[in-house]
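J.: One structure coming up, written as structure tokens, with questions to follow.
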Amino acid sequence: MAEERKPRPDKERYNRMILVRVLILTGIFGFAMFVPLSMKLYNVAITQHDELEQRAIDQATSSYPVTAGRGTIYDRNHNILAVSASVETVCVSPRDIARDKDADAKKKIIADGLSALLDVDREMIVERMERTNRANETIKMQIERELADEVRQFIEDNKLTRMVFLEPASKRYYPNGSFASNILGFVDRDGKGLMGLEAVYNKHLAGAPGYTVRAKTGQGMPLPNQYEMYYDVLEGYSLVLTIDETIQHFAEKHLETAVIENEVAQRGCAIVMDVKTGGILAMATKGDFDLNEPREIADEATRRWLDSLGEELYADELSIAQQAQWRNKAVSDTYEPGSVFKIFTAAMAIEEKAVDIHNDRFSCGGTISIPGYSGRCHKAAGHGSQTFLETLTHSCNPAFVNIGMRVGPEKFYDYMRAFGFMDTTGIDLQGEAKGIIAPYENYSRYVSSQAVYSFGQTFTVTPLQMLTAVSAVANGGKLMKPYMLSQVIDADGRVAEKTDATLVRQVISEDTSRLMCEYLEECVNQGTGSNAYVKGYHVAGKTGTSQKRAQDITGEKGLYVVSFAGFAPSHDPQIAVLVMLDEPGLDRHLRMGGYMAAPVAGRIFADALPYMNVIPQYKPEEAMSADVTVPFVKRAAVSEAEAAAKKLGLTVRVIGDGESITDQLPAAGVRVPLKTEMILYTEGTKPEESCLVPDVRGKTPGQANELLTNAGVFMRPIGAKPSPDAVLTAAWQEYAGQEVPRGTVISVEFRSSNVDD
């Protein structure tokens with residue numbers, strides 16, 4: 001048998017080397033191919049997963065959003081202030097138009113028809129129909145139902161189904177137009193809050209949209225309904241505010257009258273606050289704007305000026321004007337408070353026992369001079385020797401410099417911080433500013449700083465800061481956080497959130513608060529605040545007048561801010577009111593907080609307190625001239641009617657020989673002063689003729705009453721308290737120069753011009 005041949009060692013080694021090389025090369029090439037492939041797979045499966053998944057879904061389905069209903073905004077009594085209503089949006093489908101065999105003809109019909117129906121640019125419609133890869137292009141948003149029905153008829157008449165269609169949408173409405181505009185704010189076209197409470201609470205109000213998802217073919221045609229899914233909307237929550245619609249109306253009405261009558265250049269504001277909780281019952285800025293057309297400039301003079309500008313300047317100046325009218329003056333603007341700040345200087349002096357309120361006397365010779373400061377009293381001859389209370393009722397600057405110096409710079413500064421003047425209040429509104437007050441190192445370095453701070457000059461506060469601090473003086477010394485939102489209500493009407501009153505800190509004692517309430521009532525009874533007087537309601541408060549500049553750009557007159565801050569009733573404060581007018585334009589002798597701002601606050605108190613069911617408490621001297629409500633005596637016997645009228649303090653004149661009353665003047669239910677003559681008719685009805693109301697402004701109470709009585713109407717005097725020292729003249733009245741039915745009761749406001757602050 002032949003011997004088996006073995007491979008040679010060198011050949012075996014060669015084959016092994018070849019195998020190793022093949023394996024290495026295979027590994028290298030395999031790795032070189034695997035790595036990019038792996039990276040591509042990772043990119044597709046991981047990095048681009050969401051995007052590719054969404055593209056796949058988009059190719060297979062169509063998604064149609066379902067808008068969530070925006071929540072309603074209510075006042076504290078659930079009166080609607082802002083509400084959303086159903087409207088529709090007109091859309092075209094360029095893709096479906098392009099697929100139509102008569103696409104060009106359809107485009108012309110659509111462009112001509114929709115531009116005429118919707119009053120939109122025809123070229124815009126044409127341009128959007130050219131986007132043939134799109135299934136939905138918006139032509140006009142938020143059209144009302146009547147117009148939407150016309151569009152539907154147009155679609156049907158021209159067989160444009162799927163080419164033109166309407167989608168449901170929502171539009172925000174503000175039923176009262178400009179009412180509370182600077183606090184409610186408004187939304188953009190997509191329903192997102194842009195300003196005010198609409199923006200602050202947008203997340204609560206907006207809810208979350210739902211979706212309808214439909215499967216479709218590769219050509220974009222929808223599949224039957226069984227391939228449709230619906231995702232529920234989350235309806236927006238509603239807000240219940242602390243605002244009282246009626247009190248807001250009072251504040252806006254009287255503030256607007258004051259802004260117009262006093263020719264106020266830089267707008268005015270008014271705030272009404274619940275002194276016990278910090279809840280805002282009213283907050284008004286005038287001039288304002290229509291919430292349903294927020295981008296329209298409300299001020300006619302500003303509109304004319306804008307129209308006179310060239311195209312290059314118009315857009316920028318329009319934006320500036322819009323921002324200005326949207327600005328909430330009560331929280332976003334600061335001003336020098338002037339003598340209203342004496343409330344706090346007096347309170348801290350009492351709290352720190354820096355004055356003896358019973359025995360200390362303060363001398364005023366008309367001027368004061370200390371290192372770094374020389375000043376005058378508004379009464380050139382000076383007030384002479386005064387008690388502490390008299391310094392407040394007289395609003396005497398030299399005396400308050402002395403009082404502030406007694407408190408001392410460190411304590412004075414600490415109280416300014418404690419009353420909240422160093423910080424924002426934290427109210428739930430946009431754009432809250434805080435006052436400009438010197439750092440303590442700078443303030444304490446100069447005696448003059450202490451002097452002028454004592455009577456409210458050379459630093460600034462916001463109106464809201466001021467009224468929040470005044471409320472603390474009124475309510476027992478408690479600084480409360482002001483707020484606008486009372487409750488959040490879910491879609492089922494349940495309370496989802498509730499705002500509780502928040503105590504920030506105790507600033508002064510209840511004893512000091514009680515004493516300040518008494519003193520500030522005297523400022524209204526016999527001081528510079530006399531024009532805020534309301535019979536029976538014990539109004540307390542303080543006036544302020546601060547000079548912004550010595551003269552305006554024409555050099556003709558000084559620029560001032562006039563204000564009043566107070567509360568009522570003084571023995572049990574319920575509400576606090578601040579009125580501020582920025583740059584009134586009347587004669588300089590009348591540019592005073594006591595003459596311009598105090599009467600506005602008085603009118604607000606006079607309307608708001610009876611509405612709140614606060615019972616008037618007349619002092620003996622007030623009871624002699626209190627207003628009474630005219631009784632209903634029709635069909636009563638003459639003797640019974642006479643007795644009812646005389647029981648209320650009214651006098652009676654009977655006309656006719658009948659046995660029972662057939663008509664009466666004044667009408668039942670109106671308020672008239674005691675001793676007003678009731679005219680009782682016993683035959684037929686009262687005369688229906690009208691009479692012309694004379695303008696009695698500038699007249700004394702006696703002169704005004706005579707003129708109005710002779711004209712055939714009744715006078716109801718309101719305003720400043722009559723006193724031996726006050727010369728009262730009519731400053732405002734109802735229906736001047738107008739025809740009214742005979743027997744109408746005309747309110748006439750009398751003011752004292754003897755209010756030097």
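J.: If the cut-off is 15 Å between C-alpha atoms, which aspartates and glutamates fall inside it for Lys646, apart from same-chain ones fewer than 8 positions away?
T.: Asp627, Glu677
J.: For Asn79 and Ser723, calculate 0.36 nm times their separation in residues minus their Cα-Cα distance, and state this gained length in nm to one decimal.
T.: 227.6 nm
J.: About its Cα centre, how strong a charge dipole does the range 332-617 have in debye, to the nearest 20, once Lys and Arg get +1 and Asp and Glu get -1 at the Cβ? Spell out each step's value before the answer.
T.: Details: 24 positive and 29 negative charges, 141 e Å.
About 680 debye.
J.: Given the pairs Lys342/Lys721; Lys686/Lys721; Lys286/Lys619, which are separated by over 26 angstrom at their Cα positions?
T.: Checking Cα-Cα distances, Lys686/Lys721; Lys286/Lys619 exceed 26 Å.
J.: Further, regarding this structure: Please work out whether the range 280-354 counts as rounded, prolate or oblate from its C-alpha gyration tensor, where a ≥ b ≥ c are the square roots of the eigenvalues and a/c under 1.5 means rounded, while otherwise a/b larger than b/c means prolate and anything else oblate?
T.: prolate
J.: Give the residues of the range 723-742 whose amide nitrogen is closer than 17 Å to a point set 7 Å from the Cα of Glu706 in the direction of its Cβ.
T.: 728-730
J.: Let me ask something else about it. Amide H neighbours of Val652 under 5 Å, at least 5 residues apart or on other chains, H built in the peptide plane: list them.
T.: Correct list: Met678.
J.: Trypsin sites (Lys or Arg not before Pro) within the range 642-692: which are DSSP loop residues with at most 11 other Cβ atoms inside 10 Å?
T.: Numbers: sites: Lys646, Lys647, Arg653, Arg671, Lys675; in loops: Lys675.
Of the trypsin sites (Lys or Arg not before Pro), the ones in loops of the range 642-692 whose Cβ has at most 11 other Cβ atoms within 10 Å are Lys675.
J.: While we're looking at this one, here's another question. Classify the range 332-617 as rounded, prolate or oblate from the Cα gyration tensor: take a ≥ b ≥ c as the square roots of its eigenvalues, call it rounded if a/c is under 1.5, otherwise prolate when a/b beats b/c and oblate if not. Walk me through the numbers before you get to the answer.
T.: Working: a/c = 1.44, a/b = 1.41, b/c = 1.02.
Judged from the Cα gyration tensor, the range 332-617 comes out rounded (a/c under 1.5).
J.: Say R0 is 51 Å: what FRET efficiency, to the nearest 0.05, do Lys159 and Phe632 get from their beta-carbon distance? Mind dumping the intermediate values first?
T.: Numbers: r = 68 Å, r/R0 = 1.33.
After rounding to 0.05, the efficiency reads 0.15.
J.: Among DSSP bridges having both ends in the chain, what percentage is antiparallel? Round to the nearest 5.
T.: Bridges in the chain that DSSP calls antiparallel: roughly 85 percent.
J.: Could you check how much of the accessible area of the range 577-650 is carbon and sulfur, as a whole percent, using a 1.4 Å probe?
T.: 56 percent
J.: Additional query: Subtract the Cα-Cα distance of Glu677 and Asn15 from 0.36 nm times their separation in residues, and report this length gain in nm to one decimal.
T.: So the extension gain works out to 224.7 nm.
J.: Let me ask something additional. Just how far, in whole angstrom, is the range 491-545 from the range 145-165 if you go by their alpha carbon centroids?
T.: 60 Å
J.: Right, something else. Filter Lys498/Lys542; Lys253/Lys647; Lys329/Lys542; Lys434/Lys478 down to the pairs with a C-alpha to C-alpha distance above 28 Å, please.
T.: Violating the 28 Å Cα-Cα cut-off are Lys498/Lys542; Lys253/Lys647.
J.: Return the calculated 222 nm mean residue ellipticity for the chain, to the nearest 500 deg cm²/dmol, obtained by summing -39500 (n - 2.57) across DSSP H runs with n ≥ 4 and dividing by the residue count.
T.: So the calculated ellipticity at 222 nm is -10500 deg cm²/dmol.
J.: With point charges of +1 on the Cβ of Lys and Arg and -1 on the Cβ of Asp and Glu, referenced to the Cα centre of the chain, which listed residue (Ile427, Thr26, Val126) lies farthest in the positive direction of the dipole?
T.: The Cα lying farthest towards the positive end belongs to Thr26.
J.: Run down the aspartates and glutamates and flag those whose C-alpha is under 19 Å from the C-alpha of Lys40, throwing out any fewer than 8 positions away in its chain.
T.: Within the straight-line limit of under 19 Å, Lys40 reaches these aspartates and glutamates: Asp50, Glu51, Glu53.
J.: Further, regarding this structure: Which whole-number value in Å² is the accessible area per residue of the chain, probe 1.4 Å?
T.: 50 Å²
J.: Now for a different question. Identify the trypsin sites (Lys or Arg not before Pro) of the range 312-353 meeting these criteria: DSSP loop state and at most 10 other C-beta atoms within 10 Å of the C-beta.
T.: Here the trypsin sites (Lys or Arg not before Pro) that fit, given the DSSP loop and packing criteria, are Lys353.
J.: Now, a different point. Can you give the extra length, in nm with one decimal, that the chain gains between Ser639 and Arg361 once fully stretched, where that is 0.36 nm per residue apart less the Cα-Cα distance?
T.: 94.1 nm
J.: Now for a different question. What Kirkwood hydrodynamic radius do you get for the range 684-757 when you take the inverse of the mean 1/r over all pairs of distinct Cα atoms, in Å?
T.: That comes to 12.9 Å for the range 684-757.
J.: Something else now. How about the range 243-342: which GluC sites (Glu not before Pro) there are in a DSSP loop, with at most 13 other Cβ atoms within 10 Å of their Cβ?
T.: Glu263, Glu296
J.: Treat the chain as a sphere of radius equal to its Kirkwood radius over Cα pairs and apply Stokes-Einstein at 37 °C in a medium of 0.692 mPa s; give the translational diffusion coefficient in µm²/s, rounded to a whole number. Display every interim value, and only then the final one.
T.: Numbers: Rh = 31.7 Å.
It diffuses with D of about 104 µm²/s by this estimate.
The values are calculated or read from the model by the stated rules, or taken from the named source; none is laboratory data. Computed from a predicted model, the values in this text were never measured in an experiment. When we count neighbours, we look across all protein chains shown, and the Cβ atoms used for this are built from the backbone with ideal geometry, even at glycine. Ligands, DNA and RNA are stripped out before the accessible areas are found, and what is left, the full protein with its side chains, is counted by its heavy atoms. Shrake-Rupley method; radii C 1.70, N 1.55, O 1.52, S 1.80 Å.
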